[in-house]
Amino acid sequence: MAAAARLLERQLPPTDHDPRVAVREIRAQVLDVVQSVRQMSHLLYPPALDDFGAVAAIESMAEKYRATPEIQVRVECADSTLRFAPAIELLVFRILQEAMINVVKYAQASRVQVRLVIEERAVVLEIGDNGQGFDSQAYFRTPSRSAGLGLIGMRERVAHFGGVFRVTSRPGKGTRTFVSVPANPVEAGRVAAAI
(Lines give C-alpha, C1' and ligand atoms only; values in the text may rest on other atoms or scores of the structure.)
Protein backbone atom coordinates (compact mmCIF):
# COMPACT_ATOMS: atom_id res chain seq x y z
CA MET A 1 0.00 0.00 0.00
CA ALA A 2 2.73 2.47 0.95
CA ALA A 3 4.75 1.47 -2.13
CA ALA A 4 1.70 2.02 -4.36
CA ALA A 5 1.20 5.48 -2.83
CA ARG A 6 4.86 6.30 -3.51
CA LEU A 7 4.50 5.17 -7.15
CA LEU A 8 1.34 7.25 -7.56
CA GLU A 9 3.09 10.26 -6.03
CA ARG A 10 5.92 9.98 -8.58
CA GLN A 11 3.56 9.61 -11.56
CA LEU A 12 1.40 12.63 -10.79
CA PRO A 13 2.40 15.84 -12.54
CA PRO A 14 2.93 18.97 -10.43
CA THR A 15 -0.02 21.39 -10.45
CA ASP A 16 -1.21 24.42 -8.49
CA HIS A 17 -3.07 22.07 -6.13
CA ASP A 18 -0.36 19.48 -5.99
CA PRO A 19 -2.03 16.09 -5.47
CA ARG A 20 1.39 14.70 -4.61
CA VAL A 21 1.16 16.44 -1.23
CA ALA A 22 -2.10 14.58 -0.48
CA VAL A 23 -0.59 11.30 -1.67
CA ARG A 24 2.48 11.93 0.51
CA GLU A 25 0.21 12.49 3.53
CA ILE A 26 -1.78 9.32 2.76
CA ARG A 27 1.47 7.38 2.45
CA ALA A 28 2.65 8.69 5.85
CA GLN A 29 -0.66 7.68 7.41
CA VAL A 30 -0.42 4.19 5.90
CA LEU A 31 3.11 3.80 7.28
CA ASP A 32 1.84 4.88 10.73
CA VAL A 33 -0.96 2.32 10.60
CA VAL A 34 1.44 -0.44 9.54
CA GLN A 35 3.76 0.45 12.42
CA SER A 36 0.84 0.46 14.88
CA VAL A 37 -0.36 -2.95 13.70
CA ARG A 38 3.17 -4.31 14.02
CA GLN A 39 3.42 -2.99 17.59
CA MET A 40 0.00 -4.43 18.51
CA SER A 41 0.89 -7.84 17.12
CA HIS A 42 4.03 -7.88 19.27
CA LEU A 43 1.94 -6.96 22.30
CA LEU A 44 -0.54 -9.74 21.55
CA TYR A 45 2.09 -12.36 20.88
CA PRO A 46 5.63 -11.18 21.56
CA PRO A 47 8.40 -12.98 19.66
CA ALA A 48 10.19 -13.62 22.97
CA LEU A 49 7.37 -15.98 23.95
CA ASP A 50 8.18 -18.44 21.16
CA ASP A 51 11.91 -17.84 21.16
CA PHE A 52 12.67 -17.84 24.88
CA GLY A 53 9.48 -18.74 26.76
CA ALA A 54 7.07 -17.23 29.25
CA VAL A 55 9.73 -16.16 31.75
CA ALA A 56 11.60 -14.07 29.15
CA ALA A 57 8.37 -12.60 27.77
CA ILE A 58 7.23 -11.69 31.29
CA GLU A 59 10.61 -10.10 32.07
CA SER A 60 10.39 -8.15 28.82
CA MET A 61 6.93 -6.88 29.74
CA ALA A 62 8.08 -6.00 33.25
CA GLU A 63 11.05 -4.09 31.81
CA LYS A 64 8.69 -1.89 29.78
CA TYR A 65 6.77 -1.00 32.94
CA ARG A 66 10.03 -0.39 34.84
CA ALA A 67 10.98 2.16 32.20
CA THR A 68 8.22 4.39 33.57
CA PRO A 69 8.55 5.97 37.01
CA GLU A 70 4.98 5.12 38.03
CA ILE A 71 5.21 1.35 38.59
CA GLN A 72 8.02 -0.90 39.76
CA VAL A 73 7.57 -4.52 38.71
CA ARG A 74 9.57 -7.30 40.31
CA VAL A 75 9.60 -10.75 38.70
CA GLU A 76 10.60 -13.76 40.74
CA CYS A 77 11.37 -17.04 38.98
CA ALA A 78 14.06 -19.40 40.21
CA ASP A 79 14.78 -20.77 36.72
CA SER A 80 14.83 -18.23 33.88
CA THR A 81 15.09 -21.06 31.33
CA LEU A 82 11.86 -22.70 32.51
CA ARG A 83 9.62 -23.66 29.57
CA PHE A 84 6.07 -24.99 29.41
CA ALA A 85 3.79 -26.20 26.67
CA PRO A 86 3.20 -23.28 24.26
CA ALA A 87 -0.49 -22.97 25.17
CA ILE A 88 0.40 -22.66 28.88
CA GLU A 89 3.13 -20.11 28.15
CA LEU A 90 0.65 -18.01 26.19
CA LEU A 91 -1.96 -18.35 28.96
CA VAL A 92 0.48 -17.22 31.66
CA PHE A 93 1.63 -14.30 29.54
CA ARG A 94 -1.94 -13.20 28.77
CA ILE A 95 -2.99 -13.41 32.42
CA LEU A 96 -0.10 -11.17 33.45
CA GLN A 97 -0.78 -8.83 30.55
CA GLU A 98 -4.41 -8.40 31.61
CA ALA A 99 -3.46 -8.05 35.27
CA MET A 100 -0.99 -5.29 34.41
CA ILE A 101 -3.65 -3.49 32.40
CA ASN A 102 -5.88 -3.62 35.48
CA VAL A 103 -3.05 -2.32 37.67
CA VAL A 104 -2.54 0.67 35.38
CA LYS A 105 -6.24 1.42 34.81
CA TYR A 106 -7.69 0.82 38.25
CA ALA A 107 -5.28 -0.06 41.04
CA GLN A 108 -3.13 3.07 41.22
CA ALA A 109 -0.33 0.80 42.45
CA SER A 110 3.32 1.74 42.62
CA ARG A 111 4.66 -1.80 43.10
CA VAL A 112 3.80 -5.13 41.48
CA GLN A 113 5.30 -8.46 42.49
CA VAL A 114 5.16 -11.36 40.00
CA ARG A 115 6.06 -14.91 40.96
CA LEU A 116 6.23 -17.79 38.47
CA VAL A 117 7.09 -21.31 39.65
CA ILE A 118 6.32 -24.97 39.16
CA GLU A 119 4.73 -26.53 42.22
CA GLU A 120 3.45 -30.09 42.29
CA ARG A 121 3.29 -30.38 38.48
CA ALA A 122 1.45 -27.10 38.08
CA VAL A 123 2.51 -23.74 36.77
CA VAL A 124 1.79 -21.17 39.47
CA LEU A 125 1.57 -17.48 38.67
CA GLU A 126 1.04 -15.02 41.51
CA ILE A 127 0.63 -11.30 40.97
CA GLY A 128 0.35 -8.86 43.85
CA ASP A 129 0.12 -5.09 43.94
CA ASN A 130 0.01 -2.36 46.56
CA GLY A 131 -2.87 -0.55 44.87
CA GLN A 132 -6.22 0.65 46.13
CA GLY A 133 -7.88 -2.77 45.92
CA PHE A 134 -11.57 -3.53 45.55
CA ASP A 135 -14.18 -5.88 46.98
CA SER A 136 -13.28 -8.99 44.97
CA GLN A 137 -15.94 -11.19 46.57
CA ALA A 138 -18.70 -8.77 45.62
CA TYR A 139 -17.24 -8.36 42.13
CA PHE A 140 -17.41 -12.07 41.33
CA ARG A 141 -20.70 -12.60 43.15
CA THR A 142 -22.52 -9.88 41.20
CA PRO A 143 -20.36 -8.23 38.54
CA SER A 144 -21.76 -4.88 37.46
CA ARG A 145 -22.81 -4.38 33.87
CA SER A 146 -20.15 -1.69 33.53
CA ALA A 147 -17.39 -4.08 34.64
CA GLY A 148 -15.02 -5.13 31.90
CA LEU A 149 -14.33 -8.70 30.94
CA GLY A 150 -10.73 -8.79 32.16
CA LEU A 151 -11.07 -10.78 35.38
CA ILE A 152 -13.95 -12.89 34.07
CA GLY A 153 -11.97 -13.65 30.91
CA MET A 154 -8.89 -14.62 32.93
CA ARG A 155 -10.98 -16.94 35.08
CA GLU A 156 -12.51 -18.59 32.01
CA ARG A 157 -9.14 -19.04 30.27
CA VAL A 158 -7.67 -20.69 33.35
CA ALA A 159 -10.74 -22.92 33.77
CA HIS A 160 -10.33 -24.05 30.15
CA PHE A 161 -7.00 -25.60 31.16
CA GLY A 162 -8.42 -27.16 34.33
CA GLY A 163 -6.70 -24.63 36.54
CA VAL A 164 -7.45 -22.54 39.60
CA PHE A 165 -7.99 -18.78 39.41
CA ARG A 166 -8.37 -16.72 42.56
CA VAL A 167 -8.40 -12.99 43.16
CA THR A 168 -8.10 -11.66 46.69
CA SER A 169 -8.62 -7.97 47.22
CA ARG A 170 -10.15 -5.52 49.67
CA PRO A 171 -10.47 -1.75 49.40
CA GLY A 172 -7.22 -0.14 50.46
CA LYS A 173 -5.36 -3.47 50.66
CA GLY A 174 -4.11 -4.09 47.11
CA THR A 175 -4.88 -7.11 44.96
CA ARG A 176 -3.46 -10.62 44.74
CA THR A 177 -4.12 -12.85 41.75
CA PHE A 178 -3.33 -16.55 42.00
CA VAL A 179 -3.28 -18.88 39.00
CA SER A 180 -2.40 -22.56 38.99
CA VAL A 181 -2.65 -24.67 35.84
CA PRO A 182 -1.53 -28.23 35.20
CA ALA A 183 1.68 -28.27 33.19
CA ASN A 184 4.31 -30.51 31.83
CA PRO A 185 7.54 -28.54 31.62
CA VAL A 186 9.14 -28.73 28.21
CA GLU A 187 12.86 -29.51 28.11
CA ALA A 188 14.85 -26.72 26.50
CA GLY A 189 16.06 -28.97 23.66
CA ARG A 190 12.51 -30.06 22.84
CA VAL A 191 10.93 -26.59 22.71
CA ALA A 192 11.15 -26.30 18.93
CA ALA A 193 9.36 -29.62 18.52
CA ALA A 194 6.56 -28.51 20.88
CA ILE A 195 5.84 -25.24 19.05
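The values are calculated or read from the model by the stated rules, or taken from the named source; none is laboratory data. This is a predicted model, so every value here is computed, not measured. Please note: Cβ atoms are built from the backbone with ideal geometry, for glycine as well, and neighbour counts cover all protein chains shown. Surface accessibility is based on the protein's heavy atoms, side chains included, excluding ligands, DNA and RNA. Shrake-Rupley method; radii C 1.70, N 1.55, O 1.52, S 1.80 Å.
Taking amide H as placed 1.01 Å from N in the peptide plane, the amide H of residue 112 sits under 5 Å from that of 72, 73, 74, each at least 5 places away or on another chain. Solvent exposure of residue 50, expressed as accessible area, is near 50 Å², computed with a probe of 1.4 Å over the protein chains only.
In this structure, residue 141 and residue 63 have a Cβ-Cβ separation that, at R0 = 25 Å, corresponds to a calculated FRET efficiency of about 0.10.
Taken one residue at a time, the phi angles of the range 84-90 give Karplus couplings (6.51, -1.76, 1.60, θ = phi - 60°) of 10, 4, x, 5, 6, 4, 5 Hz. Gly and Pro are set to x.
Beta bridges per DSSP, both residues in the range 51-139: antiparallel share near 60 percent. A simple rule links phi to the HN-Hα coupling: the Karplus curve 6.51 cos²θ - 1.76 cosθ + 1.60 with θ = phi - 60°, which for the range 102-108 gives 5, 4, 5, 6, 10, 6, 6 Hz, with x for Gly and Pro. Put simply, the amide H of residue 123, placed in the peptide plane, has neighbours under 5 Å in 181, 183, leaving out anything fewer than 5 places away on its chain.
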